[in-house]
1. Only one of (1) over 14 Å from residue 162 (Cβ atoms); (2) under 24 Å from the mean Cα position of the chain (by Cα); (3) assigned to a strand (DSSP E or B) is not met by residue 94, so which one is it?
2. If I go through the stretch 50-81 residue by residue, how many of them are touching a helix residue (DSSP H, G or I) at 6+ places or on another chain (Cβ under 8 Å) and more than 20 Å from residue 309 (Cβ to Cβ)?
3. Any idea which of (1) outside the structural domain of residue 343 (by TED's automatic domain parsing); (2) more than 23 Å from residue 130 (Cβ to Cβ); (3) assigned to a loop (DSSP other than H, G, I, E, B) is the one residue 234 doesn't satisfy?
4. For the stretch 204-216, what are the residues that are assigned to a loop (DSSP other than H, G, I, E, B) and either within 30 Å of residue 320 (Cβ to Cβ) or modelled with pLDDT of 95 or more (or both)?
5. Report yes if some residue within the stretch 295-302 is in contact with a strand residue (DSSP E or B) (Cβ under 9 Å, 6 or more places away or on another chain) and modelled with pLDDT of 95 or more; otherwise report no.
6. Answer yes or no as to whether residue 309 is surrounded by 23 or more Cβ atoms within 10 Å (Cβ to Cβ) and either out of contact with any helix residue (DSSP H, G or I) (no Cβ under 6 Å at 6 or more places or on another chain) or under 27 Å from residue 395 (Cα atoms) (or both).
7. Here are some conditions: (1) under 20 Å from residue 360 (Cα atoms); (2) assigned to a loop (DSSP other than H, G, I, E, B). Residue 114 meets all but one. Which one does it not meet?
């Protein structure tokens, strides 16, 4: 489902230490109601997939489980994987998996050499040409990709809970006493104004164009000349300033070589708690616990029922729930449209849920107890792992064993 889209619109279950195989029950009191008034196109009707499915649930660590089940419907088989993470467990952490923003790698490569990981999934949308995320991404409280547009993300707040909210950049550039608003950071589709590309972008070319004016800042001062309109890269000891639009280009061109440049950056949000980490998301699938939304379009260039990844939460954000639905072309295994995915997430007991990227990007890795490494759990819709810039990992710190002194 990864494409080259326009800017997106504002856009735990606790388990024991032993590995168990159980039946996943529908959360008590969870019903399903229509959240819209119509279907568009020839979309299949949303169906009840959780009850009646024989679910196998295994513990990856204390507070982390994966449930797997396959349901049969009129169109074939629906293969589902549900990752539940109890964020209140002190040893459990959600960690971003990334090399550099414009460097795509298979999820197995992003998760490699991280022995504490017990699970990993894909995250938000990215651009095929540049390989970089097209929506906001925050890591350790520091924005990696963001603009002045209010865009929706899902992530972990300072309160340790999963939440959703809009984020946007509120920053300025000071150059020799002259100031200008900073409108974008590492954006694949930069807006009109001044943007910055820093070392987090990586060594790949930054987005350019006939209307882009790009100048390098090295050692805190403006370098001589303009960078090429196409094929510019971030300098090793600095960053690139890029202007789009006549007013911004005029401001940047008027700055003298050697001018001292500094940036004051702030991220704003309407979420309850400032984000420690966050990932851009797509459609909101569930707005209210127990109520499925309908009326989504299921039009797609490839299939009306593609593989999907969705993220949501229960227990006031203390439990993270990620659902992965597989698709295998030319077989009976098919994915779900958005109406169906909404109903699935409701039946899994979420309070709110959003789409992550899907189709060939849909992926879940898990490491079961006594297993030496992470293993791919779903069939990848492309037939092999699709490289991506950012993954989401679940890391578990090892238990500290107390050493008892021997008494003689």
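1. Among (1) over 14 Å from residue 162 (Cβ atoms); (2) under 24 Å from the mean Cα position of the chain (by Cα); (3) assigned to a strand (DSSP E or B), residue 94 violates only (1).
2. Here is the first cut: in the stretch 50-81, the residues touching a helix residue (DSSP H, G or I) at 6+ places or on another chain (Cβ under 8 Å) are 50-51, 80.
So of that shortlist, the ones also more than 20 Å from residue 309 (Cβ to Cβ) come out as 51.
Selection size over the stretch 50-81: 1.
3. Of (1) outside the structural domain of residue 343 (by TED's automatic domain parsing); (2) more than 23 Å from residue 130 (Cβ to Cβ); (3) assigned to a loop (DSSP other than H, G, I, E, B), only one is false for residue 234: (2).
4. The answer is 204, 205, 206, 207.
5. Here is the first cut: in the stretch 295-302, the residues in contact with a strand residue (DSSP E or B) (Cβ under 9 Å, 6 or more places away or on another chain) are 295-299.
From what is left, the residues that are modelled with pLDDT of 95 or more are none.
No, because not a single residue in the stretch 295-302 is in contact with a strand residue (DSSP E or B) (Cβ under 9 Å, 6 or more places away or on another chain) and modelled with pLDDT of 95 or more.
6. Considered against the rule, which asks whether it is surrounded by 23 or more Cβ atoms within 10 Å (Cβ to Cβ) and either out of contact with any helix residue (DSSP H, G or I) (no Cβ under 6 Å at 6 or more places or on another chain) or under 27 Å from residue 395 (Cα atoms) (or both), residue 309 comes out as yes.
7. Single failed check for residue 114: (1).
Residues checked against (1) assigned by TED's automatic domain parsing to the domain that holds residue 90; (2) under 27 Å from residue 145 (Cβ atoms); (3) at pLDDT 95 or above:
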residue: 344; (1), (2), (3): yes, no, yes
residue: 371; (1), (2), (3): yes, no, no
residue: 378; (1), (2), (3): yes, yes, yes
residue: 381; (1), (2), (3): yes, yes, yes
residue: 386; (1), (2), (3): yes, yes, yes
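The values are calculated or read from the model by the stated rules, or taken from the named source; none is laboratory data. Given the structure is predicted, the values throughout are model-derived calculations rather than measurements. Neighbour counts are summed over all protein chains in view; Cβ atoms, including those assigned to glycine, are modelled from backbone coordinates with ideal geometry.
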